[in-house]
Amino acid sequence: MLLSRIKPAKASASQDKDAKKEKKLPKFEEFIKTRDYTGAMTILEFNRHSGEGSELNDRWLSYCAFHLGDYKRALEEYERMLKKNPTDASLWLSSACCLFFLGMYTEAKDAAEKAPECPLQTIILFHLSHKFSDEKLLMSYHSQLQDHIEDQLSLASIHYLRSHYQEAIDIYKRILLDNREYLALNVYVAMCYYKLDYYDVSQEVLAVYLQQHTDSVIAVNLKACNHFKLYNGKAAEAELKSLQDISSSSFTFGCDLIRHNLMMCRRHTTL
């Protein structure tokens with residue numbers, strides 16, 4: 001068979017556009033940037049099953065599962081990696097974080113103590129001492145905290161959990177003065193003001209974050225809670241409804257909370 005010297009027909013402009021659309025598939029980095037951890041995990045799972053898996057791929061899988069609130073899956077991944085690298089301190093500490101969020105505090109303590117002393121271990125054990133209601137141990141780890149942002153954020157969270165809301169606000173505001181780009185801290189401040197019954201102030205602070213992240217489940221839920229307190233259940237329900245589509249697609253985290261609060265809003269409206 002002879003090769004034809006005739007030039008192939010040129011594709012139409014519409015065909016070129018379709019071809020470009022097909023080639024431009026979302027990248028893993030784009031999913032992480034937009035916090036679409038379900039999409040990111042799809043790519044990571046594909047890499048694993050297509051023979052392109054690696055330790056880095058496994059670590060990202062754990063990371064995505066953790067941020068989706070699937071702590072059990074994240075823990076399973078870390079435990080699988082620990083079988084290959086039983087002396088990896090970062091894996092033990094990551095496992096401890098998963099166990100903590102699963103409510104397995106004794107197991108979390110055991111895992112954290114398998115790692116050498118470091119700032120992250122101190123933070124984990126600091127939080128565990130609060131869960132164990134061990135005041136002496138809590139103060140011991142408190143004294144080990146330094147003036148680093150991570151340590152101060154941990155201290156603020158403990159203040160919040162102990163209903164010391166003003167102390168938590170003071171820490172968050174101090175950090176925000178030098179780190180305006182840490183927008184999520186505005187949500188934490190807003191949560192503290194909500195707990196102090198300053199619902200209008202909470203709304204003002206929360207708006208700073210929501211201007212940039214309109215799809216945040218936690219922030220929109222807090223806005224709805226403020227509306228519930230300031231206005232009525234119907235106003236709160238309107239805010240929560242905007243999250244239903246998001247919660248059912250990529251944001252599995254917070255679904256149960258949103259459904260519960262929607263039910264409470266509707267119940268309040270019908271009373």
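The values are calculated or read from the model by the stated rules, or taken from the named source; none is laboratory data. Everything numeric in this text was worked out from a predicted model, so none of it was measured. Quick reminder, even Gly has a Cβ in these numbers, built from the backbone with ideal geometry, and neighbours come from all protein chains shown. Quick note on the areas: whole protein, heavy atoms, side chains included, nothing else; ligands and nucleic acids left out. Shrake-Rupley method; radii C 1.70, N 1.55, O 1.52, S 1.80 Å.
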Over region 157-240: Rg over Rh, Cα atoms, Kirkwood Rh: 0.97
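Averaging the inverse of every distinct alpha carbon separation and then flipping it gives the Kirkwood radius. What is it for region 17-138, in angstrom units?
Details: mean 1/r = 0.0629 Å⁻¹.
About 15.9 Å for region 17-138.
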Calculated FRET efficiency for the pair HIS164/GLN144, C-beta based, R₀ 25 Å, to 0.05: 0.85
Average accessible area per residue (Å²) across the chain - probe 1.4 Å, nucleic acids and ligands excluded: 63 Å²
Accessible-area composition of the chain, carbon plus sulfur, in percent [1.4 Å probe]: 56 percent
THR42 accessible area, 1.4 Å probe, all protein chains in place, Å² to nearest 10: 90 Å²
Tensor-based shape of region 104-189 (alpha-carbon gyration tensor, a/c under 1.5 rounded, otherwise prolate or oblate): prolate
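Sort region 199-249 into rounded, prolate or oblate with this rule: let a ≥ b ≥ c be the square roots of the eigenvalues of the Cα gyration tensor; rounded if a/c is under 1.5, and if a/c is not under 1.5, prolate when a/b is larger than b/c, oblate otherwise. Numbers along the way, then the final one.
Values: a/c = 2.88, a/b = 1.18, b/c = 2.44.
Note, shape of region 199-249 comes out oblate.
May I ask which of LYS72/LYS131; LYS114/LYS136; LYS131/LYS234; LYS27/LYS223; LYS27/LYS173 have a Cα-Cα span longer than 28 Å here?
In this structure, LYS131/LYS234; LYS27/LYS223; LYS27/LYS173 lie more than 28 Å apart at Cα.
Starting from the alpha-carbon convex hull of region 112-271, give the projected area averaged over all orientations, in nm². Display every interim value, and only then the final one.
Numbers: hull surface 45.0 nm².
For region 112-271, the mean projected area of the Cα convex hull comes to 11.2 nm².
Based on the Kirkwood radius over alpha-carbon pairs, what value in µm²/s does the Stokes-Einstein equation return for the translational diffusion coefficient of the chain at 25 °C and 0.890 mPa s? Let's see the in-between values first.
On the way: Rh = 21.9 Å.
Value of D from the Cα-based Kirkwood radius: 112 µm²/s.
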Percent RCO, i.e. relative contact order, over the chain, from Cα pairs under 8 Å lying at least 6 residues apart: 9 percent
